[in-house]
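The values are calculated or read from the model by the stated rules, or taken from the named source; none is laboratory data. For clarity, every value in this text was computed on a predicted model and none was experimentally measured. Methodologically, a virtual Cβ is constructed for each residue, glycine included, from the backbone with ideal geometry; neighbour enumeration extends over all protein chains shown.
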Amino acid sequence: MPVSSATGPITKHMRVLDIITLCPEAENIMAEYGLHCFHCDANAFESLGDGCVSHGFSNEEVDELVDDINQIIRDLPEKSNTLTITAAAAAAIRDIAIAENRLGEGLAVIADGRGGFCLEFQPEPATDDLTFTNTDVPDMRFFAGSLTLKRIGGSTIDFRDGKCKLDLADAPNSGCGCKSGGTCGCKID
């Protein structure tokens, strides 16, 4: 008996691009279903459900696909639901917040469409976000949702060489969340 898609973080109402951003492994499942949406220009604005229906899928098939993607997420190795924020990162982001008149807002850690991560100011955490701070700079908050933490939980956000760096817990020398494993700076929006 399939698990209801309502029990997972992925829904058929999400954009294909967002699903693949949050769960890159979803590409393989979609391909098994005969979908290659991850290469389609429509993936940035079309929901998974709408894309499937336009390819002739029944509602039951769409639900099975969503269930399979959610199963992949449930099967991912458990990561810590934490982020370590260095004092250097918190202070640098606080300086940016002051300069942009955004002091009091937090910085959301968001997966981007390329498989990397960016930081974006927002007034409050989203519904499922956890909030992280550094004790030396407690007024600067960082937010991360459960799907983001499934990918980068236990990692460290640092500021060095003039850039924010994401040091992944399971790849300490990679420096970022991009698929290439290189070191790149986070984008501040």
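Couple of notes before you dig in:
- Taken over the range 136-157, the criterion of being buried (at least 20 other Cβ atoms within 10 Å of the Cβ) and more than 25 Å from ILE19 (Cβ to Cβ) is satisfied by MET140, ARG141.
- Single condition ILE98 does not satisfy, out of (1) in a helix (DSSP H, G or I); (2) in contact (Cβ under 8 Å) with a residue 40 or more places away in the chain; (3) among the β-branched types (Val, Ile, Thr): (2)
- Residue match in the range 55-77 (condition: small (Gly, Ala, Ser) and either under 19 Å from the mean Cα position of the chain (by Cα) or surrounded by 13 or more Cβ atoms within 10 Å (Cβ to Cβ) (or both)): no
- Selected residue (only one of ARG114, ARG160 is of a type in the set (Lys, Arg), surrounded by fewer than 16 Cβ atoms within 10 Å (Cβ to Cβ) and modelled with pLDDT of 90 or more): ARG160
- Residue check for THR11: in a loop (DSSP other than H, G, I, E, B) and at pLDDT 85 or above: yes
Per-residue answers, yes or no, for (1) at pLDDT 80 or above; (2) under 19 Å from ILE72 (Cα atoms); (3) not assigned by TED's automatic domain parsing to the domain that holds CYS118:
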position: ARG15; (1), (2), (3): yes, yes, yes
position: GLU27; (1), (2), (3): yes, yes, yes
position: ASN43; (1), (2), (3): no, no, yes
position: GLU46; (1), (2), (3): yes, no, yes
position: SER54; (1), (2), (3): yes, no, yes
position: PHE57; (1), (2), (3): yes, no, yes
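- Among residues of the range 122-135, those that are surrounded by fewer than 16 Cβ atoms within 10 Å (Cβ to Cβ), under 18 Å from the mean Cα position of the chain (by Cα) and either outside the structural domain of ALA89 (by TED's automatic domain parsing) or in a strand (DSSP E or B) (or both), counted: 1
- Checked against the criterion of being at pLDDT 95 or above and surrounded by 15 or more Cβ atoms within 10 Å (Cβ to Cβ), the candidates ALA108, ALA90 yield just one match: ALA90.
- ALA92 being over 23 Å from SER146 (Cα atoms), in contact with a Cys (Cβ under 9 Å, 6 or more places away or on another chain), touching a residue at least 60 places away in the same chain (Cβ under 8 Å) and part of a helix (DSSP H, G or I): yes
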